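What follows is one structure encoded as structure tokens, with my remarks underneath.
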Amino acid sequence: MHLSAIDWVIIALFFVMTMAIGMLVSKKAGSSSVEFFLGGRSMPWWLLGVSMVATTFSADTPNLVTDIVRNNGVAGNWAWWAFLLTGMLTVLYMQNYGVDRELLQTWSFMNYVTAVKKQDF
């Protein structure tokens with residue numbers, strides 16, 4: 001594969017922009033754990049939801065979808081859409097637990113949820 005000059009310029013700009021953004025926010029993010037993990041609690045809910053959904057699209061996601069379609073046909077792809085729907089509903093429903101209780105990470109959320117009595121949950 002041969003990359004032309006414009007390809008190399010686009011790649012270089014991507015890395016320069018990524019480094020610039022990282023340097024700009026690194027001082028603020030390093031000031032406290034709330035800044036690092038939660039963006040100072042100033043990010044809108046929809047951006048956090050998009051971030052959460054985007055993290056599920058890792059290298060193994062295409063393999064999962066391919067396996068579902070291979071084993072169950074195109075109709076099996078509805079399982080993937082069910083994952084998407086339940087993931088979005090989880091963001092909307094569960095976000096109040098973390099925000100109201102000022103939880104920072106998934107493990108603190110899980111500790112909170114498992115420590116709550118069934119009738120309180």
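Could you tell me whether Val65 is open to solvent by less than 50 Å² (accessible area, probe 1.4 Å) and more than 17 Å from the chain's Cα centre (by Cα)?
On the way: open to solvent by less than 50 Å² (accessible area, probe 1.4 Å): yes; more than 17 Å from the chain's Cα centre (by Cα): yes.
Yes, satisfied.
Quick grid of which residues meet (1) in contact (Cβ under 8 Å) with a residue 40 or more places away in the chain; (2) farther than 28 Å from Met88 by Cβ:
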position: Ser32; (1), (2): no, yes
position: Gly49; (1), (2): yes, no
position: Met52; (1), (2): no, no
position: Ser58; (1), (2): no, no
position: Thr61; (1), (2): no, no
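Scan segment 63-80 and give yes if some residue there is in contact with a helix residue (DSSP H, G or I) (Cβ under 9 Å, 6 or more places away or on another chain), touching a residue at least 24 places away in the same chain (Cβ under 8 Å) and assigned to a helix (DSSP H, G or I), otherwise no. The answer is no, given that none of the residues of segment 63-80 is in contact with a helix residue (DSSP H, G or I) (Cβ under 9 Å, 6 or more places away or on another chain), touching a residue at least 24 places away in the same chain (Cβ under 8 Å) and assigned to a helix (DSSP H, G or I). Just wondering, is there one or more residues in segment 74-94 that are more than 21 Å from the chain's Cα centre (by Cα), at positive phi and loosely packed, with under 13 Cβ neighbours inside 10 Å? No, that holds for no residue.
Quick one: how many residues across segment 11-50 are over 23 Å from the mean Cα position of the chain (by Cα) and either outside any helix (DSSP H, G or I) or surrounded by fewer than 11 Cβ atoms within 10 Å (Cβ to Cβ) (or both)? Spell out how you get there, then give the answer.
Initial filter on segment 11-50 (over 23 Å from the mean Cα position of the chain (by Cα)): 11-13, 16.
Of the ones still in play, those that are also either outside any helix (DSSP H, G or I) or surrounded by fewer than 11 Cβ atoms within 10 Å (Cβ to Cβ) (or both) are 12-13, 16.
Number satisfying all stated conditions: 3.
Of Phe83, Phe37, all but one fail to be within 25 Å of Ser108 (Cα to Cα) and in contact (Cβ under 8 Å) with a residue 60 or more places away in the chain; the exception is Phe37.
The values are calculated or read from the model by the stated rules, or taken from the named source; none is laboratory data. What you see is a predicted model, and the numbers here were worked out from it, not measured in a lab. Note that we place each Cβ from the backbone using ideal geometry, even for glycine, and neighbour counts take in every protein chain shown. Protein only, heavy atoms only, side chains kept; ligands, DNA and RNA dropped before computing areas. Shrake-Rupley method; radii C 1.70, N 1.55, O 1.52, S 1.80 Å.
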